[in-house]
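Structure first, commentary second.
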Amino acid sequence: MKIIKYKIYIILIGTLLLFGCNEDSFLEEINPNAITPDTFWESEQQYTSALSSVYGALQFQDISGGELQYEMILGDIAGTESWYRPAAFRNLTYNDGTYHVTDKWDQLYVGIFRANQVIQNIQTADSAIFSEDAKLQIEAQAKFLRAFFYFQLAHNYGGAVIHTSVAETKEELSKPFSSIAEVNSAVIFPDLIFAKDNLPQTWDAKNIGRATWGAAKSLLGKAYLFDKDFSKAASEFNDVIQSNVYSLTANISDNFQHENEFNSESIFEVNYSFDLSPGVPGAVVDDNSNETGAESTTMATAVGQLNYGGFNTILPSYNLHEMLVNDQVDPSNAINDGNSESKRMTATIATRNGEGLYYQQEYSAIRGFAFGQSAYVKKHSNWYHLESEPAQSRSGINFRHIRYADVLLMYAEAVIEANNDYETAIDYIDMVRSRAGVVTLRQYMADNAGMFPQLHVSKQVHGDFPMVAASSETVMKHLQRVERPIELCFEGHRWKDLVRWGIVQEVFDDLRADEIWREANKELVLKVSDGGVAPLYIIERIRPDFVLAAANYNPAKHNYFPIPTQEVQTNDNL
């Protein structure tokens with residue numbers, strides 16, 4: 001694995017001014033050995049070091065690490081138990097002072113503060129201190145990262161307080177809250193356009209992991225997609241696809257393990273390592289440049305199985321489990337080798353009767369699967385290398401924010417919305433399905449007089465899958481309810497997708513109705529003596545994942561996190 005060490009520096013430009021200090025009270029004598037704002041920005045290396053601090057902010061756990069579990073639990077892909085911390089998000093009972101709501105906001109603004117320092121100072125920097133295209137490329141990377149942080153703010157909080165320069169007074173810090181459209185116009189769109197125009201398609205091996213042209217184009221396309229500017233979104237995604245820089249990996253698991261990182265499918269990923277800073281828990285964030293901070297992530301233990309050092313606070317929902325069971329293997333696809341589980345099921349969840357080994361043991365040896373638990377999350381966990389399972393919540397598995405499969409599916413969505421071109425959409429959906437080794441939509445249609453099954457409908461609850469003819473509406477529903485959740489679950493996209501489509505209540509109501517049916521038909525679902533009933537093999541009780549979510553959901557209150565209480569208390573314009 002290529003290791004990139006992001007040294008984290010805090011360059012406190014203008015910080016003293018925030019405290020309203022009188023400059024006359026300071027000694028006029030200056031320490032010539034001290035690094036100050038007036039002496040720091042004098043070489044390309046110093047700008048590179050400052051840029052590294054911006055990349056370093058990506059490693060914060062609420063941005064790319066284990067604290068993303070609170071967003072994973074919001075939608076339809078996951079459940080949990082009432083005694084675990086994520087339950088506040090599963091049940092939509094969090095508030096403006098709840099962890100993650102406050103921590104993510106703070107961490108994103110740390111990243112923005114660092115990016116603003118680089119961008120602001122490089123504007124007036126002497127071009128002579130930079131080699132070749134370094135000045136433009138440093139600025140472009142900083143602007144990409146600033147746009148990334150603002151995209152996360154906009155679509156987690158419904159907007160942001162916009163800062164595009166380093167605040168030097170309390171008044172400059174106290175700005176009003178801006179809408180998503182305003183954040184797009186002021187920051188995200190212009191920053192990403194600048195980034196795509198000035199970033200290379202690829203970097204050499206020693207710079208692997210830096211933002212690229214493809215990352216900027218992909219995030220810009222996503223921003224247009226969320227803004228419902230579908231033609232522009234399709235154009236950006238198509239450029240990425242036609243560039244031939246990226247391709248789907250043959251093994252989908254390469255996207256969720258520490259092996260084969262920065263692969264052909266990776267468009268933008270955050271580097272973690274369990275080799276650096278040994279003994280430091282992944283949750284520790286150390287911004288003291290004189291000491292080494294944690295370089296690992298807590299994600300593996302956040303989602304991992306309890307008996308193997310994890311906390312299993314995030315459990316696959318019954319709906320996700322059943323859809324993966326029904327991710328029908330295509331025996332004629334060369335990627336398959338006699339397996340009965342689809343390749344993406346094997347990469348995503350662990351079930352009672354799973355194939356292969358799990359933490360180097362047969363599945364029959366796995367303890368658990370009691371009290372309503374039907375499956376565990378494998379994606380991002382260390383299930384494939386037990387001997388390297390790190391202690392102290394440490395994992396070296398990188399987090400992929402943008403990968404090529406996501407771009408293919410977003411392009412499919414964009415062409416439907418822009419042109420009603422569901423035929424092209426099917427082609428790109430089927431690229432993802434073929435890599436997973438499952439029956440494509442085209443195959444289903446060829447075998448069923450132009451129709452394909454609605455695989456999001458519970459076969460256990462409703463019997464055979466409803467069959468539908470291909471159209472813009474039915475292919476879009478397949479994208480929304482089947483392809484994106486199966487392919488991209490636990491990657492930070494699901495809640496944002498459900499919100500932008502406006503289908504949260506519909507989805508919650510459907511899954512709550514399934515829970516009610518299972519509860520009313522326990523004699524058909526729960527058979528302890530038989531170890532449960534296919535396809536879920538649940539025993540003891542039906543886990544009520546959506547009983548409160550379906551009842552509590554209020555779009556105005558829950559589509560986006562509230563502005564954190566400490567921000568409201570300190571910002572006079574909120």
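Looking for something of a type in the set (S, T, Y), touching a Ser or Thr at 6+ places or on another chain (Cβ under 9 Å) and open to solvent by 10 Å² or more (accessible area, probe 1.4 Å) - is there at least one such residue anywhere in the range 433-443?
Yes.
Could you name every one of the helices (runs of 4 or more DSSP H) located completely within the range 167-233 that has at least 3 residues being surrounded by fewer than 20 Cβ atoms within 10 Å (Cβ to Cβ)?
Counting at least 3 such residues, we get 170-173, 189-198.
With respect to V461, determine if the residue is part of a loop (DSSP other than H, G, I, E, B), out of contact with any Cys (no Cβ under 9 Å at 6 or more places or on another chain) and open to solvent by 20 Å² or more (accessible area, probe 1.4 Å).
Spelling it out, it is not the case that V461 is part of a loop (DSSP other than H, G, I, E, B), out of contact with any Cys (no Cβ under 9 Å at 6 or more places or on another chain) and open to solvent by 20 Å² or more (accessible area, probe 1.4 Å).
So, of the residues in the range 257-278 that are assigned to a loop (DSSP other than H, G, I, E, B) and touching a helix residue (DSSP H, G or I) at 6+ places or on another chain (Cβ under 6 Å), which turns out to be nearest to N333 (Cα to Cα)?
E265
Take the conditions open to solvent by less than 10 Å² (accessible area, probe 1.4 Å) and over 30 Å from E261 (Cβ atoms) and apply them to G396. Does it pass?
Judged against the criteria, G396 is not a match.
Can you pull out the residues in the range 136-177 that are within 22 Å of H100 (Cβ to Cβ) and in contact with a Gly (Cβ under 6 Å, 6 or more places away or on another chain)?
F149, F177, listed by residue number.
Only one of these conditions is not met by K378: (1) under 20 Å from the mean Cα position of the chain (by Cα); (2) open to solvent by 40 Å² or more (accessible area, probe 1.4 Å). Which number is it?
Among (1) under 20 Å from the mean Cα position of the chain (by Cα); (2) open to solvent by 40 Å² or more (accessible area, probe 1.4 Å), K378 violates only (2).
Pull up the range 236-271, narrow it to residues that are touching a residue at least 12 places away in the same chain (Cβ under 8 Å) and acidic (D, E), then point me to the one that is farthest from N336 (Cα to Cα).
Looking at residues that are touching a residue at least 12 places away in the same chain (Cβ under 8 Å) and acidic (D, E), I get E236.
Only one residue in F274, F262 is open to solvent by 20 Å² or more (accessible area, probe 1.4 Å), of a type in the set (F, W, Y) and modelled with pLDDT under 90. Which one?
F274
Select from the range 477-490 the residues that are buried (at least 18 other Cβ atoms within 10 Å of the Cβ) and over 23 Å from N156 (Cβ atoms) and list them in ascending order.
H478, V482, E483, I486
Could you please tell me which pairs satisfy a Cβ distance under 8 Å, a separation of 6+ or placement on different chains, a first residue in the range 335-363 that is on the phi > 0 side of the Ramachandran plot, and a second residue that is open to solvent by 50 Å² or more (accessible area, probe 1.4 Å)?
Partner pairs satisfying both residue conditions: Y359/L386; Q360/L386; Q360/E387.
I need the full set of residues from the range 72-95 which are open to solvent by 20 Å² or more (accessible area, probe 1.4 Å) and touching a residue at least 60 places away in the same chain (Cβ under 8 Å), in order please.
Answer for the range 72-95, where residues must be open to solvent by 20 Å² or more (accessible area, probe 1.4 Å) and touching a residue at least 60 places away in the same chain (Cβ under 8 Å): Y84, R85, N91, T93, N95.
Helices (runs of 4 or more DSSP H) wholly in the range 50-161 with at least 3 residues that are among the aliphatic types (A, V, I, L, M) - which ones?
Output list reads 101-122, 134-157.
So which helices (runs of 4 or more DSSP H) are wholly in the range 491-574 and hold at least 2 residues that are under 26 Å from P176 (Cβ atoms), out of contact with any Pro (no Cβ under 7 Å at 6 or more places or on another chain) and open to solvent by 40 Å² or more (accessible area, probe 1.4 Å)?
By residue number, 555-558, 565-570.
Got a sec? Which of N353, N333 is in contact with a helix residue (DSSP H, G or I) (Cβ under 8 Å, 6 or more places away or on another chain), open to solvent by 10 Å² or more (accessible area, probe 1.4 Å) and modelled with pLDDT of 95 or more?
Being in contact with a helix residue (DSSP H, G or I) (Cβ under 8 Å, 6 or more places away or on another chain), open to solvent by 10 Å² or more (accessible area, probe 1.4 Å) and modelled with pLDDT of 95 or more holds for just one of N353, N333, which is N333.
Do you know which of the residues in the range 237-256 that are assigned to a helix (DSSP H, G or I) and open to solvent by less than 20 Å² (accessible area, probe 1.4 Å) is nearest to K378 (Cα to Cα)?
It comes out as S253.
Looking at the structure I just gave you, is E483 free of Cβ contacts under 8 Å to residues at least 24 places away in the same chain and assigned to a helix (DSSP H, G or I)?
no
Evaluate the following for Q152: is it within 17 Å of A215 (Cβ to Cβ) and touching a residue at least 12 places away in the same chain (Cβ under 8 Å)?
Answer is yes for this residue.
Taking only pairs six or more apart or across chains, which ones have beta-carbon atoms under 9 Å, a first residue in the range 222-235 that is closer than 17 Å to I180 by Cα, and a second residue that is open to solvent by 60 Å² or more (accessible area, probe 1.4 Å) and part of a loop (DSSP other than H, G, I, E, B)?
Between residues of the range 222-235 that are closer than 17 Å to I180 by Cα and residues that are open to solvent by 60 Å² or more (accessible area, probe 1.4 Å) and part of a loop (DSSP other than H, G, I, E, B), the close pairs are A233/D227.
The values are calculated or read from the model by the stated rules, or taken from the named source; none is laboratory data. Quick caveat, the model's predicted, so the values are computed rather than measured. So basically every Cβ, Gly included, is an ideal-geometry build from the backbone, and we count neighbours across all protein chains shown. Accessible surface is based on the protein model in full, side chains and every heavy atom, while ligands, DNA and RNA are left aside. Shrake-Rupley method; radii C 1.70, N 1.55, O 1.52, S 1.80 Å.
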